[in-house]
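Since the structure comes first, as structure tokens, the remarks are kept for the end.
The values are calculated or read from the model by the stated rules, or taken from the named source; none is laboratory data. On a predicted model such as this, the values are computed, not experimentally measured, just so you know. All Cβ positions, even for glycine, are placed from backbone atoms using ideal geometry, and neighbour counts span all protein chains on display. Please note that ligands, DNA and RNA were not included when accessible areas were found on the heavy atoms of the full protein model with its side chains. Shrake-Rupley method; radii C 1.70, N 1.55, O 1.52, S 1.80 Å.
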Amino acid sequence: MEREEKDNQTHFTGFILLGLSASPKFQGFLFPIFLSMYLLGLLGNLLILFLIISNSSLFHTPMYFFLSHLSLADLGFSSTIVPQMLQILVSQTNTISYSGCMTQMCFFVVFCTTDNFLLASMAYDRYVAICRPLHYTTVMSYKHCVVLAAGSWFLSFSQGFLYVFTISKLSFCGSRQIPHFFCDLHPLLQLSCSDTSSAETLLMFEGTATMFGPLILILVSYMFIVWKVLKVPSASGKYKAFSTCSAHLTTVALFYGTLIGTYIRPSSTYSGSKLRVASIFYTVVTPMLNPLIYSLRNSKIHEAMRRLFRLWVWRRRGIGDLRISQNKS
């Protein structure tokens with residue numbers, strides 16, 4: 001989208017993304033690495049999503065219901081950012097239009113916030129399963145899970161639109177270079193020639209609430225879980241209870257570990273190189289690792305994979321037998 005700043009006659013056409021590195025050799029080295037990671041994450045999340053949706057018993061189990069939404073959010077999360085990053089690495093095209101930048105920032109916020117709420121919903125599910133097992137089927141009914149998932153997406157889109165509305169009110173009349181590989185909040189605020197104090201206060205307050213609100217729910221849920229598990233007399237019982245939470249805890253640590261240190265601070269303390277490195281973890285690494293984390297030691301996911309493989313083999317054998325019978329006739 002083209003905008004014309006009439007006050008200083010600056011013709012604004014978009015932004016220039018500086019990417020990860022200015023060195024062509026370094027870019028050529030990074031491209032196959034990030035492409036491989038993106039494809040692994042894409043295939044892994046698609047496989048998890050397909051396995052859960054195609055298996056009615058899994059889809060109607062709260063933990064896997066939320067996992068399917070988490071895989072969908074991770075697909076959108078990485079696909080919003082990584083293709084643009086790969087394009088910058090492999091070509092000289094590093095410009096992005098104003099509307100494209102706002103759209104990318106909006107969906108980045110939407111999928112990131114959805115991850116927050118879904119991780120909190122999964123923690124609450126583990127709390128009810130371990131601490132209130134007799135009420136589990138009532139509290140975590142399919143209807144309640146749908147409400148939690150729908151609420152997560154609704155609140156996430158509301159936050160995304162709020163960010164776009166706030167940033168669109170700012171003027172950009174100076175440098176158009178964003179020291180990042182996507183349109184992120186901090187560099188956009190630094191590029192603005194408007195007074196960003198009120199926008200920073202609003203977005204930091206709102207962003208802190210939507211980030212720490214789910215995180216506090218996660219921490220409280222696991223405090224009750226640990227207290228309950230420590231009362232289990234047998235070591236095997238404790239191990240079984242903790243093993244059901246290990247995958248979720250690993251994902252929470254990976255996701256929040258980089259996210260909090262990156263965004264819960266004023267934009268004046270922003271460091272381009274540190275933000276780029278941290279952003280790689282939650283835009284590329286975490287979406288790639290989540291399918292592995294949730295499937296490595298998950299017997300139900302393994303069983304669903306085996307069923308899918310057997311179904312594929314049977315269909316292949318059926319096609320082969322059909323071809324043989326046709327040739328004989």
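Annotations for the structure displayed:
- Spin-label model, residue 138 to residue 300: label points 7 Å out along the Cα-to-beta-carbon direction sit 2.2 nm apart.
- Helical contribution to [θ] at 222 nm, DSSP H n ≥ 4, -39,500 (n - 2.57), averaged over the chain, rounded to 500: -26000 deg cm²/dmol
- For the chain: accessible area per residue (Å², 1.4 Å): 51
- Burial ranking of peptide ranges 303-315, 30-42 (average Cβ count within 10 Å, highest at the top): 30-42, 303-315
- Shape call, the stretch 55-173: gyration tensor on alpha carbons, a/c limit 1.5: prolate
- Between residue 285 and residue 227, the contour length at 0.36 nm per residue exceeds the alpha carbon distance by 17.7 nm.
- Between the alpha-carbon centres of the stretch 221-244 and the stretch 166-205 there is a gap of 46 Å.
- When the P(r) is computed for the chain, the part past 30 Å accounts for 44% of the Cα-Cα pairs.
- For the chain, built as a Gaussian network whose Cα springs stay under 10 Å, the top-fluctuating residue of 102, 223, 211: 223
- Largest GNM mean-square fluctuation across 45, 55, 94, computed for the chain with C-alpha springs under 10 Å, falls on 55.
- Relative to the longest principal axis of the Cα atoms of the chain, the long axis of helix 142-168 makes an angle of roughly 10 degrees.
- When each of the peptides 132-138, 74-80, 226-232 is scored by the mean number of other C-beta atoms lying within 10 Å of its residues, the order from highest to lowest reads 74-80, 226-232, 132-138.
- Lysine pairs in the chain whose alpha-carbon atoms fall under 26 angstrom of each other, counting only those eight or more residues apart or on distinct chains, come to 9.
- Cα gyration tensor category, rounded, prolate or oblate, for the stretch 16-90 with a/c compared to 1.5: prolate
- Protection-proxy order for peptides 193-204, 61-72, each taking the mean of Cβ atoms within 10 Å per residue, highest first: 61-72, 193-204
- For residue 177, the residues whose modelled amide H falls within less than 5 Å of its own, excluding neighbours fewer than 5 places apart on the same chain, are 16.
- Taking 287, 233, 179 in turn, the Gaussian network model of the chain (Cα-Cα springs below 10 Å) assigns the largest fluctuation to 233.
- Dipole-positive endmost among 311, 290, 26 within the chain (Cβ charges, Cα centre): 311
- Whole-percent carbon and sulfur share, accessible surface of the chain, 1.4 Å: 67
- Principal-axis tilt of helix 24-54 within the chain, Cα atoms, nearest 10 degrees: 40
- Note on residue 292 and residue 27: their simple-model spin labels are 2.8 nm apart, each label 7 Å out from Cα toward Cβ.
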